[in-house]
Amino acid sequence: MSSDRLKKVAVSDRRTFVKWSTLISGSLLAGPVLQSCSDPAIGAAESAAAAAAKSPETKIIRTGCPSHNCGGKCLLKLHVTDGVITRIETDDRQGDDISDPQLRACIRGRSYRKRQYHPDRLKYPLKRTGKRGEGQFERISWDEAYDIMHSRITEITDKYGNGAIHLPYGTGSYTNTNGRWPAVRLMNMLGGSLGFYNSYSWACINIATPYMFGTLESGNQRQDWLNSRYILMWGWNPAEMKDGTNSDYFIRKARENGARVVCIDPRLSQSAVALADEWIPIRPGTDTAMMSAMAYVIITEKLTDDDFIRRCCSGYDAATMPDGYKDQESYTDYILGTRDGVPKTAEWAEKITMVPAAVIARLAREYATAGPAVLYQGYGMQRRAYGEQVVRGGASLAAITGNIGINGGWASGLANQKGGGPFWTVFPMGSNPVKQTIPVFLWTEAVVRGTELGPQEGLRGGDSLDTNIKMIWSVASNVLMNQHGNLNRTRKIVEDESLLEFIVVQDNFMTPSARFADLVLPACTQFETWGVEDGWKYGEEVFLTPKAVEPPFETKSDYAICAGLAERFGVWDKYTEGGRTEKDWAAWMIDMNYRRTRFPDMPVFRKLSASNKGVYVKPVTTPAVAFREFRENPEKNPLRTPTGKIELFSGRLFDMNMPDEIPAVAKYITEWESPFGKEAEEFPLQAMGHHYMSRVHSTHDNNIWSMEAFPQRVFINPADAEERGIADGDMVIIRNNRGKIRIPCRITKKMMIMVEIEKALPAGRRSNG
């Protein structure tokens, strides 16, 4: 680069820095969203933002919230003045009703400017100069970055094959042109890479649900919740983690319509406070024990739907066991203790769950007799040891009470909506020439002992891997050193350059994962490029996300980064299909995909873009009900299970011959680290990491507005704190034999007691809250 060119870049960078410094100081960034924040400039900034909003130079741009896999997709209304987002509002569409409610954003979307204009945004490509993890980097040009990428990809594929490259799971961006998908498309054109299946979020529920129902589409559309008379929010917290925009709204409307709502959760969550009539605290990891005890009450008190069981279920009792398994343990055998000698009574479950037996029995009767009922399972329960059991346990309760295939009912399981839900991504990635895939969580094992992995560890597409993982290209992901488990072990693996020869991280910030990269590439945010977002699990909407502001400094969209690398490999024309930009791809996705599949009445891209509506919604006037046709005539409309019925007993699971870990019927299995093992002598408390309003995984952790509104604390019950001499606000250390965390605490009855009540409280005091 010439000296004149360097001077021009330096001048431009200084201007950008000055502009950003002004923004960060608050002169243009404040708004009415978080007036409780303690920023002294907020009042003056409000006036400046209000004046800017009235200026004829201010543009209003409606777009989808970046979300970062928060569990929802909402509509944002951006005020853009002089190329700067000065204010963010949310959905203000008129005619709001239950068939098409407003898609209103939470604190994370409304405070997004504090992330958008954060001073720590990555600005330039960086090359590591110190040891991995030290965070020592030097600025390089994009030309050098592309040269390094081209050289290392070529070197590694020549030496080990394309299976040595892995693009890990990541949900930091979801607009198709931003996110990991453009990188997957490029690698598929270059010979492929080692893929994965499943997700960190739904690992057990994705696998377990089809064993019951033969499909993941086991949910009614949410408008049908208004027909329910009883709703169990079991480990489910839609007010904070969303699980589909407006899920909390639909629960509130169902409650207004007469439904009783009960929240079962170790924590008094925002959902329990705002949506529930009752909160039932339960010891983490014991939910299947309580479900089994509820089944005992329902069965022994003859509250089952016998007609539905006889026609639609397999494996309930000896009379409904499938051919070839007539002598094996049925569901009722387990619940009644016929073979193991342990009836799963409410008293049995109380000792495990810390939920009083009388409460368990009452909830069982209410759920079975109140009328059409919903048992909605949250995902935290299945992100634990033996997480498949709680999924099948909840679905079994729905089956034996006949709450399946009816209005106001709910089959449980993953519960994707009937008829198919959002596509998540429609950006064309092509087929992967590397056919082997690994479970999403086993990438560290594939680095250390990839060639030893086989079908017994979950390898698909072959009997073994040809090579260990040697290169990781992490796009919009903080999995390497944040979302993965046992991070101290993971750090040793990632640090070892003899194991991982090259690491690239492509992101908005210098994340913990980026600190361990050899090359860091600065990606722009979703507001800085064109894209398309689909709804999240539920909903009949598609968001058009136009480019609202220019990418700052030398940031690029993930698609543009990959297109530049494609040019180095000589596949630019094929990759871009003749030079398509992000806007061109957005048009293709609307016109050539969504309009030809889910939304044939959707406006063409040109009209949707010109309308500045930001979203297309197909109203739900008659909500679909999963398994309605099956319930009406199971012989004519069989499920895609071996028996054609709901399988309370699974022959496929039985044939795996691992009854202690993979039983054929849903069973409570004590976790390998639990309050009932020897480890509890040294570590008597349980720590659980729930989703929290201020952030999405690690995203927004540097957002000062959201983190001030909901600061990160460890919640401790007063009884547990008193025993340890801990006061509210103390800095505490949470530790186990793998590591420790230092964090301030909040003493609150919103967290259940984590030790035996008799040990925690003086004589005469008892509480289950």
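The values are calculated or read from the model by the stated rules, or taken from the named source; none is laboratory data. Only a predicted model underlies this, so the values are computations on that prediction, with no experimental measurement involved. Here Cβ is always computed from backbone atoms with ideal geometry, including for glycine, and neighbour counts include all displayed protein chains. Areas reflect the complete protein model, heavy atoms only, side chains present, ligands, DNA and RNA absent. Shrake-Rupley method; radii C 1.70, N 1.55, O 1.52, S 1.80 Å.
Taking the simple approach of a point 7 Å from Cα along Cα-to-Cβ for both His150 and Glu661, what is their distance in nm?
4.7 nm
In sequence order, what are the phi-derived ³J(HN,Hα) couplings for the range 539-550 according to the Karplus relation 6.51 cos²θ - 1.76 cosθ + 1.60 with θ = phi - 60°, rounded to whole Hz, with x for glycine and proline?
x, 10, 9, 10, 9, 9, 10, x, 6, 8, 9, 7
Along the Cα→Cβ direction, 7 angstrom out, place labels at Ile704 and Arg449. What is the inter-label distance in nm?
4.8 nm
Quick one: accessible area per residue over the chain, 1.4 Å probe, rounded to a whole number of Å²?
Numbers: 30650 Å² over 769 residues.
Accessible surface, normalised per residue, equals 40 Å².
Over 21 Å between Cα atoms: which of Lys418/Lys636; Lys73/Lys618; Lys253/Lys750; Lys242/Lys547; Lys123/Lys556 fall into that group? Walk me through the numbers before you get to the answer.
On the way: Lys418/Lys636 18 Å; Lys73/Lys618 15 Å; Lys253/Lys750 25 Å; Lys242/Lys547 26 Å; Lys123/Lys556 10 Å.
Lys253/Lys750; Lys242/Lys547, as the Cα separations exceed 21 Å there.
Scattering from the C-alpha atoms of the range 94-253 alone, worked out with Debye: what is log10 I(q)/I(0) at q = 0.20 1/Å?
Those come out to -1.47, one per q.
Of Arg631, Arg362, which has the most accessible area with a 1.4 Å probe, and how do the rest follow in descending order?
Working: Arg631 45, Arg362 75 Å².
Per-residue accessible area, sorted high to low, gives Arg362, Arg631.
Can you compute the modelled spin-label distance between Arg139 and Phe553, with each label point 7 Å from Cα toward Cβ, in nm?
Inter-label distance under the simple model: 0.8 nm.
Can you list residues whose amide H is under 5 Å from Thr86's amide H, if they're 5+ apart or on another chain and H is modeled 1.01 Å from N?
For Thr86, whose amide H was placed from the backbone, the distant partners under 5 Å are His79, Val80, Thr81.
Dipole of the chain, Cα-centred, from +1 at each Lys and Arg C-beta and -1 at each Asp and Glu C-beta, to the nearest 20 debye?
Numbers: 95 positive and 91 negative charges, 360 e Å.
Magnitude of the dipole: close to 1720 debye.
Need the full-extension length gain, Leu685 to Val571, defined as separation in residues times 0.36 nm minus the C-alpha distance. One decimal, nm.
Values: separation 114, 0.36 × 114 = 41.04 nm, distance 5.54 nm.
Between Leu685 and Val571, full extension yields 35.5 nm more.
Would you kindly derive the ³J(HN,Hα) couplings of the range 517-522 from the backbone phi angles with the Karplus curve 6.51 cos²θ - 1.76 cosθ + 1.60 (θ = phi - 60°), listing them in order in whole Hz, with x for Gly and Pro?
Values, residue by residue: 7, 8, 9, 10, 10, x Hz.
May I ask you to derive the FRET efficiency for Asn612 and Ile98 from their Cβ-Cβ distance with R0 = 25 Å, giving the value to the nearest 0.05? Display every interim value, and only then the final one.
Details: r = 25 Å, r/R0 = 1.02.
Approximately 0.50, to the nearest 0.05.
Got a sec? Charge dipole of the chain, +1 on Cβ for Lys and Arg, -1 for Asp and Glu; which of Pro551, Met471, Gly729 is way out at the positive end?
Pro551
Would you kindly derive the ³J(HN,Hα) couplings of the range 466-476 from the backbone phi angles with the Karplus curve 6.51 cos²θ - 1.76 cosθ + 1.60 (θ = phi - 60°), listing them in order in whole Hz, with x for Gly and Pro?
Karplus-based 3J(HN,Hα) across the range 466-476 equals 7, 7, 6, 5, 10, 9, 10, 10, 9, 10, 6 Hz.
Here are labelled values, (1) 199; (2) 156; (3) 175, and one is the computed volume of the Cα convex hull per residue in Å³ for what I pasted. Which one?
Recomputing volume of the Cα convex hull per residue in Å³ here picks out (3).
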